[in-house]
Amino acid sequence: MKIKKLIILLLCLSLIFCSGVFYDLFTNTRIVNAKEFKDYDQSQIVKNMGAGWNLGNQLEASINGMPYETAWGNPTISENLILAVKEAGFKTIRIPISYLNKITYDTVNDKYTINEAWLDRIQEVVDYCVNNDIYAIINMHGDGYKSVEGSWLICDADDQTSIKKKYEDCWAQISDRFKDYDEHLIFESMNEEFDGTYANPNWNYYANINSYNQIFVDTVRKSGGNNDKRWLLIPGWNTNIEYTVGNYGFSMPSDNYLNSDLSGKRIMISVHYYDPWNFAGSGEDTQWGDVATDISKVSSWGQKDYMKQQFEKLYNKFVSQGYPVVIGEYGATDASNFDNDNMTCRKYWYKCLCEYAYENGCIPVTWDNNGHNLYVRGDQFGLFDRSSCTLTANGQEIVNEIMSVYKSTDPSESPKTDDTTPTPSVSPDSTTPTPTPTVSPDSTTPTPTPSVSPDSTTPTPTSSTSSDTVTPTPTPTASPDSTTPTPTPSMSPDSTTPTPTSSTSSDTATPTPTPTASGNNVTPIPTQSASPGIISPTVATETISPAAKPNVVQDTANDSNSFDNNSRIIINLKKNKIYNSSKKIRIRSRYNIKKVLLNNHLLKTIKNKNRAVFFIKRFKNHLKINKKNTIQVVDVNNYYFKVSFRIKR
């Protein structure tokens, strides 16, 4: 009998220790069994985090300044929901969190303290993620909104000394609570921090945001455990792309207390994307992009070319400098009940965004607020039904588009929409001011109020111009590129809904033709003439190391095996007609070839051969007119090399 009891006791103890979580029976404190921390560099962490999902309107929800997870009508978070999200293919879950009046001040010890029971619940939800091999991002979400009762992290408030003291104390407590968690946990300093206006950032207020980020990095790094090597996530002004990449005041925090044994950076940049707001946020415009069938339902800005430019800016400013970018929120509201073609356009929008994110080394984390009211245009971002822990029918279609890009483990299978590698720009911590962009004062487009709650207010956005506007646009007088703030839906039931200010783009002088329906093909193939000619018979071959572009996922142990001059593509450029049978593509590789692509269209999968020959005529439908065409070869080690050439009518 004693032996049986001993065996049962040993089994129970083994289960407790295997779970990695147990309680101190004397203090009733939740203890985490420290796990081995696996250090991942930039390309590895981007690959591992994959596509993400937001647990929105839950732990950041609040009423009367007191946060609790069911405050806005969503059910209690369950591990079954987290498992359903993982089953759908998501590798990362962002957990927005508000603290508000859960923070108290101890006058005797001059210290701010977060309620322990609230931290316990946060930790329990984090455990749902990390114990199931999902990356978790936790932040300080609603505390920086003036429209939320109990908010205090206000960048334009007078008493910045007290604010910074409170901010430091809170992150010290959070960091200490989670210091022994492994690499699956990522801290995000704050959410959409700004002064509540949608004009250009105020430099003094931006300086306060920069100070918050520096306090955050220093406090986390010095808190012990694994926090001196953990990836940290920081935003710029209102998580707006333009105000973070442009010279509006953003400053990269120094990482002075990073573990000295590490090489490379361990800071990520957070931005959000809901452009154009009339389509993505309010649903007033129900169509978008090349698949639109009714031009009157398409926004005058923020189309595909604009989206592409925004992601290239992120690559040039941050990713190319070693800082991964997390698209911490993005989404397009469901207005399918108002337009039968809305779902097609939404799917196209999601797919384009994920393609550009993948191509430029970013991590997209889609916003989900469990909004499923199809009789309301705005703020309906629900993908999962949180009561049943299942995808809705429309949610499944959206997730299919996301996973069509992110399910693949082979980077060459990502359907990239452009093969131009952006050129790295200036240092990301530049804070040199630039002139304020000129905004047209008389161009306004009303936006309906999203249905977060009866008391939410929605500022009316000012229309803006973009490279892909549907009507000819005069040459801009503003600084090049967009200055449109990225709006954020459903932050809280009483939040002011951000909307974009007017912006201009460097390429708005060129009118864009009326979009036409073209299915879900993200890269439309232009119609070719019968006899296009070769612009340049001299074809430049480019050899690319996997580290050159973060979306090229590669086992770093094989870095010495990159392609060299013994691997090449030969295009036989005899005569002047591209369809002549003599137009052969000859490929010779040092290693066995895995696959060959023309403009990211798979030509052939090859096994155990290091040579291949193709006739261009067979693949003429994949060629681009007057644009760069790219032949890309991927070897068995997932290295690739490519050659570019142009044809014209």
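The values are calculated or read from the model by the stated rules, or taken from the named source; none is laboratory data. Only a predicted model underlies this, so the values are computations on that prediction, with no experimental measurement involved. Positions of Cβ are backbone-derived with ideal geometry, glycine not excepted, and every protein chain shown enters the neighbour counts. Ligands, DNA and RNA are excluded from the accessible area calculation, which covers all protein heavy atoms including side chains. Shrake-Rupley method; radii C 1.70, N 1.55, O 1.52, S 1.80 Å.
What the table shows:
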quantity: Unmet requirement for GLY328, which otherwise passes all of (1) farther than 20 Å from ASN54 by Cα; (2) open to solvent by less than 10 Å² (accessible area, probe 1.4 Å); (3) touching a Ser or Thr at 6+ places or on another chain (Cβ under 6 Å); calculated: (1)
quantity: Residues within segment 341-375 that are under 15 Å from PHE279 (Cβ atoms) and open to solvent by less than 10 Å² (accessible area, probe 1.4 Å), tallied; calculated: 9
quantity: Residue within segment 203-215 that is in a loop (DSSP other than H, G, I, E, B), open to solvent by 10 Å² or more (accessible area, probe 1.4 Å) and either in contact (Cβ under 8 Å) with a residue 40 or more places away in the chain or of a type in the set (Phe, Trp, Tyr) (or both) present; calculated: no
quantity: Hits in segment 331-340 (condition: without any contact (Cβ under 8 Å) to a residue 60 or more places away in the chain and either buried (at least 24 other Cβ atoms within 10 Å of the Cβ) or touching a strand residue (DSSP E or B) at 6+ places or on another chain (Cβ under 6 Å) (or both)); calculated: ALA332, ALA335
quantity: Every residue from segment 151-186 that is open to solvent by 20 Å² or more (accessible area, probe 1.4 Å), small (Gly, Ala, Ser) and closer than 24 Å to ASP120 by Cβ; calculated: SER151, ALA172
quantity: Some residue of segment 12-34 being modelled with pLDDT of 65 or more, open to solvent by 30 Å² or more (accessible area, probe 1.4 Å) and within 25 Å of ARG230 (Cβ to Cβ); calculated: no
quantity: Complete set of residues in segment 90-129 that are of a type in the set (A, V, I, L, M), open to solvent by 10 Å² or more (accessible area, probe 1.4 Å) and outside any loop (DSSP other than H, G, I, E, B); calculated: ILE103, ALA117
quantity: Residues located in segment 59-94, provided they are in contact (Cβ under 8 Å) with a residue 60 or more places away in the chain and polar (S, T, N, Q); calculated: SER62, ASN64, ASN74, SER78, ASN80, THR92
quantity: Lone qualifier among ASN101, ASN115 - being more than 22 Å from GLY52 (Cβ to Cβ) and either touching a residue at least 40 places away in the same chain (Cβ under 8 Å) or hydrophobic (A, V, I, L, M, F, W, C) (or both); calculated: ASN101
quantity: Test set (1) under 23 Å from the mean Cα position of the chain (by Cα); (2) open to solvent by less than 10 Å² (accessible area, probe 1.4 Å) - VAL148 fails condition number; calculated: (1)
quantity: ALA199, sole failed condition from (1) at pLDDT below 95; (2) of a type in the set (Gly, Ala, Ser); (3) crowded, with 18+ Cβ neighbours inside 10 Å; calculated: (3)
quantity: Count of segment 130-145 residues which are surrounded by 24 or more Cβ atoms within 10 Å (Cβ to Cβ) and among the aromatic types (Phe, Trp, Tyr); calculated: 1
